[in-house]
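Below you'll find the structure, written out as structure tokens, and then a few comments.
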Amino acid sequence: MDNLEGLLEMYQNSGTTRDILNGLQKEGASRLLLSGMTGALECFVLTSVFKEHHVPHVFIAEDKEEAAYIQNTIDQFIPNQTVLFFPDSFKHPGSFEEIDINNVLIRTEAINKIYTAYNKKDLLITYPEALFEKVIDPTHLDKQKITIKKEEDLDQETLLEFLIEYGFERTDFVYEPGQFSIRGGIIDIFSFGNEWPYRVELFDEEVESIRLFNPNTQLSLKNIERVSIIPNISNRFGQEHKISLFEVFNKETVLWIKDVNHLVEKLAICENKARSFAEHIKNSDDEKLKTLLDERAFILPDTIISEFESRNILFLKKGPKELSIEKEIVFKSSPQPHFNKNFKLLIDDLEQKNREAKKVYLFTDNKRQIERFYNIFEDLHAKIDFHPVLKSIHQGFIDNDLN
């Protein structure tokens, strides 16, 4: 067992993790307040609960940057699990001037994986501006996609009609979502539901092979048996086909909310900006953006509070009075001190922790950085007992519960 595995096992067996799991066992919606967590401690706790609790979990961070850090950290803790990231559709969160096609792709891919049970259970990280936009109901999306299977016949004309109808652009070579090319018996399709494009090779009308490939190198990445081609999730569907993200998940899903008051405030700000921008853009030539904003397929603050009433929620900060708390679980932690490359301060701090019998874990994704610390401690005649972990976390912390 390496240092990270041992540390995660300590959290899985900790009293606070047991308290959370016990709190989630009751019938009906559970509401727990997890107070006192600092730094990346929330990532260790979320990972431990997720591993032991066999339902989907959604973590709502305060903003996109924090969500990306948390997703990156947890992704390293669960190597056999796809930790989904769910962004907003725009270049800048809360700013509706320009749609980001890559973000649209990631949103579509996440919804598709949740609906098709790509993982046995899902772990998704998101933030307020991403929740503000509704998503296409995957049951409706399922009716709109076309499935291609190996060793089955494929009618090129039918496929061509489908792709054009749903806004795909025919090009010589595909390089971004929403494009396709046909060269003889080779069909390349960059779906809105996958990170890489597909290459379908035909023998007459029979599908001989389906592969994922890198559009930059044209090299194959993976052979697959079947593929579902889905259209752009952000347009071509009316308001009646769109639902909130939470409706995609089952009722047992656990929501982790960093700051529910901040979430509601952000949604209110997004609502005002969207209404204002929708009026401003009426004369715009950007039809995709006009469609999205004209439909106002957004989830509003009052709606999200009502949706929370029937959900299992773990608050990291107290929320509105309407969302009562059943139990508070207190974590005794403190932020990691800042050393500003002052190795004497670092050594003094670590020696003090060694004297207090605290276990020290040093995280970095650079092996040479670990060697550098060993050399610095040796040069400065410091005998520091620490456990190196070849992974990165976004922020250090001191856990006084586990010492």
Dipole of the chain (Lys/Arg Cβ +1, Asp/Glu Cβ -1, origin at the Cα centre): which of Asn261, Leu131, Ile325 lies farthest to the positive side?
Ile325
Counting only DSSP beta bridges with both residues in the chain, what percent are antiparallel, rounded to the nearest 5?
55
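How much FRET efficiency would the formula 1/(1 + (r/R0)^6) give for Val55 and Gln239, where r is the Cβ-Cβ distance and R0 is 30 Å, rounded to 0.05?
0.50
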Mean projected area, convex hull of alpha-carbon positions in the stretch 335-399, reported to one decimal in nm², is 4.3
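Within the set Lys121/Lys358; Lys266/Lys321; Lys341/Lys383; Lys51/Lys143; Lys145/Lys273, which residue pairs have Cα atoms separated by over 29 Å?
Flagged as over cut-off: Lys121/Lys358; Lys51/Lys143; Lys145/Lys273.
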Placing one identical point scatterer on every Cα of the stretch 21-77 and ignoring solvent, what is log10 I(q)/I(0) from the Debye formula at q = 0.12, 0.13, 0.20, 0.28 Å⁻¹?
-0.32, -0.37, -0.86, -1.37
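Please report the relative contact order for the stretch 335-399, taking Cα pairs under 8 Å with a sequence separation of at least 6, and give it as a percent rounded to a whole number.
Taking the mean separation of contacting Cα pairs over the length of the stretch 335-399, I get 43 percent.
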In whole percents, the bins of 10 Å from zero upward hold the Cα-Cα pairs of the chain as 4, 20, 26, 22, 17, 8, 2, 0
Dipole magnitude (debye, nearest 20) for the chain, charges at Cβ of Lys, Arg, Asp, Glu
1420
For the stretch 10-119, averaging the sequence separation of alpha carbon pairs under 8 Å that lie six or more residues apart and dividing by its residue count, the contact order in percent is 17
On full extension of the chain, what length is gained from Leu221 through Glu208, given 0.36 nm per residue of separation minus the C-alpha to C-alpha distance?
3.0 nm
Which of the trypsin sites (Lys or Arg not before Pro) across the stretch 71-165 are loop residues per DSSP, with 10 or fewer other Cβ within 10 Å?
Lys120
Helix-only [θ]222 nm of the chain, DSSP H runs n ≥ 4, -39500 (n - 2.57) each, per residue, nearest 500:
-11000 deg cm²/dmol
Here the relative contact order (percent) of the chain, from C-alpha pairs under 8 Å and at least 6 apart, is 23
In straight Cα distance, which lysines are under 17 Å from Lys327, not counting same-chain residues fewer than 8 positions off?
Lys26, Lys258, Lys317, Lys318
In the chain, which longest range has no GluC sites (Glu not before Pro) that are both DSSP loop (not H, G, I, E or B) and surrounded by at most 16 other Cβ atoms within 10 Å?
28-150
Which of the trypsin sites (Lys or Arg not before Pro) across the stretch 23-83 are loop residues per DSSP, with 15 or fewer other Cβ within 10 Å?
Lys26
The stretch 1-139 - share of DSSP beta bridges that are antiparallel (%, nearest 5):
20
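Semi-axes of the equivalent ellipsoid for the stretch 146-229, please: Cα gyration tensor eigenvalues, times 5, square-rooted, ordered largest first, whole Å.
17, 16, 12
A short reminder: the numbers here are calculations on the coordinates, not readings from a lab. Quick caveat: nothing in here was measured; it's all calculated off a predicted structure. Positions of Cβ are generated from backbone atoms using ideal geometry, with glycine treated the same way; all protein chains shown enter the neighbour counts.
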